[in-house]
Amino acid sequence: MAARQMRLGLIQMAVHEDKLENVKKAVSLIKKAAEKGSSLIVLPECFNSPYGLKYFPKYAESIHQGDTAKALSTAAKENKIYLVGGSIPENDNGELYNTCTVWDPSGNLLCTHRKVHLFDIDIPGGIKFKESEVLKPGKKLTTFNIGPWKIGLGICYDIRFAEMAKLYCKDGCNLLIYPGAFNMTTGPLHWELLQKSRAVDNELYVAAVSPAQDASAEYVAYGHTMAIDPWGKILSSASFGEEIVYADIDLSVVEKMRQQIPLISQRRTDLYDTVLKD
Ligand SMILES: O=C(O)CCC(=O)C(=O)O
């Protein structure tokens with residue numbers, strides 16, 4: 001049973017083209033984060049493959065039989081930690097997804113989350129990306145429990161959708177985790193802001209975990225892995241490089257804030273339900 005206080009280890013790792021090396025790197029950083037007392041460790045979005053449409057089909061594997069899944073299961077078991085395995089391109093009978101796997105300290109697969117909102121945007125002079133050309137969207141929201149903690153999962157673009165976080169809050173979550181890889185157009189403006197917004201709107205902790213920046217990559221990630229408390233305060237954060245960010249979180253901070261600013265009981269659902277139909 002996990003304690004009301006828990007240390008998060010958020011791994012901002014460099015991701016390159018060699019899949020085996022990426023997985024090995026993840027495993028060694030998981031060990032390091034566990035040695036520093038993390039009981040819940042999180043990897044970034046797309047940690048075994050460079051982020052890009054041309055890579056997904058080549059790097060995709062089964063989340064049940066694949067080598068990456070096996071390595072994550074072993075790492076969780078050997079280090080006796082909960083592991084949110086960032087995401088990998090998943091191949092399920094020829095259909096591809098951007099999928100997060102979650103492992104318990106015995107190495108069992110607790111749950112999986114397939115990115116629900118695919119990253120399809122077009123900002124002229126900024127960034128254009130269309131995940132839906134290659135990937136299918138997930139069809140469910142995903143939560144899991146560690147003792148008194150209830151954790152809601154999203155992947156990257158999912159963080160932009162306030163309704164999803166609100167549903168997690170209504171479902172009892174006190175921590176939201178988003179493996180993500182924002183970019184140099186939207187990252188500097190929105191990455192921190194979105195995390196703080198989700199945290200303050202829902203009075204819970206938020207952690208978002210990016211790959212380290214590789215300036216020579218086709219898709220240049222913003223980095224800046226961070227953890228935000230329910231008040232919107234940054235607990236700890238990284239810059240662009242490879243780094244593990246640690247954050248000690250405490251359930252009483254969530255409980256006290258929800259008592260002091262009782263948003264959950266003050267919601268005017270009578271109004272929202274009649275006015276906002278969509
Ligand atoms: O929403 C954004 O600006 C970035 C999203 C993204 O990079 C992703 O979903 O992979």
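Available extension along the chain between Asp67 and Ser28 is 12.5 nm, counting 0.36 nm per residue and deducting the alpha carbon span. Our estimate of slack between Asp201 and Lys139, defined as 0.36 nm per intervening residue step minus the Cα-Cα distance, is 19.9 nm.
Looking at segment 103-242, I'd like the Rg to Rh ratio, where Rg is from alpha-carbon atoms and Rh is Kirkwood's inverse mean 1/r. Kindly include the intermediate steps, with their values, before the conclusion.
On the way: Rg = 15.1 Å, Rh = 15.7 Å.
Radius of gyration relative to Kirkwood radius: 0.96.
Arranged from fewest to most other beta-carbon atoms within 10 Å of their beta carbon, Thr68, Thr225 become Thr68, Thr225. The dipole here belongs to the chain: it is taken about the Cα centre, uses +1 on the Cβ of Lys and Arg and -1 on the Cβ of Asp and Glu, and is about 580 debye.
Here Ser265 and Leu189 are evaluated by their C-beta separation; at R0 = 25 Å the FRET efficiency comes out at 0.15.
Here the extension length gained between Ser236 and Lys130 equals 35.0 nm, from 0.36 nm per residue of separation less the Cα-Cα distance. Annotation note: chymotrypsin sites (Phe, Trp or Tyr not before Pro) in segment 167-216 located in DSSP loop regions with a Cβ neighbour count of at most 10 within 10 Å are absent.
With Cβ to Cβ distances under 15 Å as the rule, what net charge do the other residues near Ala238 carry (K, R +1; D, E -1)?
Details: positive: Lys32, Lys36; negative: Glu45, Glu192, Asp214, Glu242, Glu243.
Net local charge, Ala238 excluded: -3.
Based on DSSP H segments of at least four residues, each scored -39500 (n - 2.57), the chain has a per-residue ellipticity at 222 nm of -7500 deg cm²/dmol. Beta bridges assigned by DSSP with both partners in segment 173-269 are antiparallel in approximately 60 percent of cases.
Quote the FRET efficiency, to the nearest 0.05, computed for Asn108 versus Asp18 with a Förster distance R0 of 22 Å and r equal to the Cβ-Cβ distance. Don't skip to the end; give the middle numbers.
Numbers: r = 28 Å, r/R0 = 1.29.
Efficiency, rounded to the nearest 0.05: 0.20.
The loop-placed chymotrypsin sites (Phe, Trp or Tyr not before Pro) in segment 25-84, going by DSSP, include none that has at most 13 neighbouring Cβ atoms within 10 Å of its Cβ. Cross-link pairs exceeding 30 Å in C-alpha to C-alpha distance, out of Lys32/Lys166; Lys25/Lys256; Lys70/Lys150; Lys54/Lys139; Lys166/Lys256, comprise Lys32/Lys166; Lys25/Lys256. With Cα atoms defining each centre, segment 47-116 and segment 217-278 are spaced 24 Å apart in the structure.
Every number here is computed from the coordinates shown, using simple stated rules; none is lab data. Values in this document were obtained by computation on a predicted structure and should not be read as measured data. No Cβ is skipped: glycine too gets one built from the backbone with ideal geometry, and neighbour counts run over all protein chains shown.
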